[in-house]
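These notes concern the structure reproduced below.
The values are calculated or read from the model by the stated rules, or taken from the named source; none is laboratory data. Given the structure is predicted, the values throughout are model-derived calculations rather than measurements. Glycine gets a Cβ as well: all are built from the backbone with ideal geometry, and neighbour counts include every protein chain shown.
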Amino acid sequence: MVYIVVLFSVGLFMIRDYYYYSKLNEEQKKEAERTTHKMARWVQRLNLPPFITFETSKVRVSLWVIIFLGVFTGYISGFLGVGGGFIRVPVMIYLLGLPTVIAVGTDLFAILISNSWGAYIYAVSGKVEIIGALVMLVGASVGIQIGAVATAYVKGMKIRLYFGVTLLLAGSAVVLKQLQMVTLAGYLMFSSAAILSCMIIFMLISAVNREVWQRNKLKGNELLNKP
């Protein structure tokens, strides 16, 4: 029950954030993309030395805050028995003030480190289907490459929207499972993942085509302006 409440709460909060963003004009949207959330500004102002600076995102925050948030997200993950990515990413965005893309990348790197030991233990004890893992790895490698490229073209707020929608769909699937509708929950998750993936790929292709068109237009103008 707690897991369902957390999924819906975080998902609705991120979708609400995007809703207000969508009401802004283009100039205001650009400013909103650069502006740190007010909760993150409050956290960054906490005077609890020592401090640590994230060079990539240019964020300076107390080391004690980072440790506390790490323990908190770890506790939530362990208490609910699920991966902590669904709570770590919003925490890094709204409480630490990291840009959305950097928050996603940081979470993936943290998962790589935290999951490596568990994977090693399971592999040594013979509890891993190597063939299945390798087949899934091939598909995951392709998906990760597409996702990594998409982050260069999809704005941070759009990523928040998709993240929030994913959490709502995951929460809905958990509710269906609790109601003993396991098959329907599986169909919901599979169809939702397929639709979201197609939307992201479509946006990626559109953004690339738009960029290519703008470059060709710029080159054409340069040729016309040559004496």
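Overview of values
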{"read-out": "Every residue from the stretch 1-21 that is among the hydroxyl-bearing types (Ser, Thr, Tyr) and either without any contact (Cβ under 8 Å) to a residue 24 or more places away in the chain or over 14 Å from LYS158 (Cβ atoms) (or both)", "value": "TYR3, SER9, TYR19, TYR20"}
{"read-out": "Scope the stretch 98-131; condition of a type in the set (Gly, Ala, Ser) and farther than 30 Å from GLN44 by Cα; matching residues", "value": "SER116, GLY118, ALA119, ALA123, SER125, GLY126"}
{"read-out": "Scan of the stretch 23-55 for residues that are touching a residue at least 24 places away in the same chain (Cβ under 8 Å) and either part of a helix (DSSP H, G or I) or small (Gly, Ala, Ser) (or both), ordered by number", "value": "LYS29, ALA32, GLU33, MET39, ALA40, ARG41, VAL43, GLN44"}
{"read-out": "Subset of the stretch 107-133 that is within 14 Å of THR73 (Cα to Cα) and at pLDDT 75 or above - its residue that is surrounded by the fewest Cβ atoms within 10 Å (Cβ to Cβ)", "value": "ILE111"}
{"read-out": "Matching entry among SER9, SER62 (being modelled with pLDDT of 85 or more and touching a strand residue (DSSP E or B) at 6+ places or on another chain (Cβ under 6 Å))", "value": "SER62"}
{"read-out": "Some residue of the stretch 24-46 being among the hydrophobic types (A, V, I, L, M, F, W, C), exposed (fewer than 14 other Cβ atoms within 10 Å of the Cβ) and either at positive phi or touching a Pro at 6+ places or on another chain (Cβ under 7 Å) (or both)", "value": "no"}
{"read-out": "Only listed residue being of a type in the set (Val, Ile, Thr), surrounded by 13 or more Cβ atoms within 10 Å (Cβ to Cβ) and modelled with pLDDT under 80, chosen from ILE159, ILE200, ILE195", "value": "ILE200"}
{"read-out": "Count of residues meeting criterion [buried (at least 21 other Cβ atoms within 10 Å of the Cβ) and either of a type in the set (Val, Ile, Thr) or part of a helix (DSSP H, G or I) (or both)] in the stretch 92-106", "value": "6"}
{"read-out": "Candidates ILE93, ILE111 - the one that is in contact (Cβ under 8 Å) with a residue 12 or more places away in the chain, more than 22 Å from LEU12 (Cβ to Cβ), touching a helix residue (DSSP H, G or I) at 6+ places or on another chain (Cβ under 7 Å) and not charged (D, E, K, R)", "value": "ILE111"}
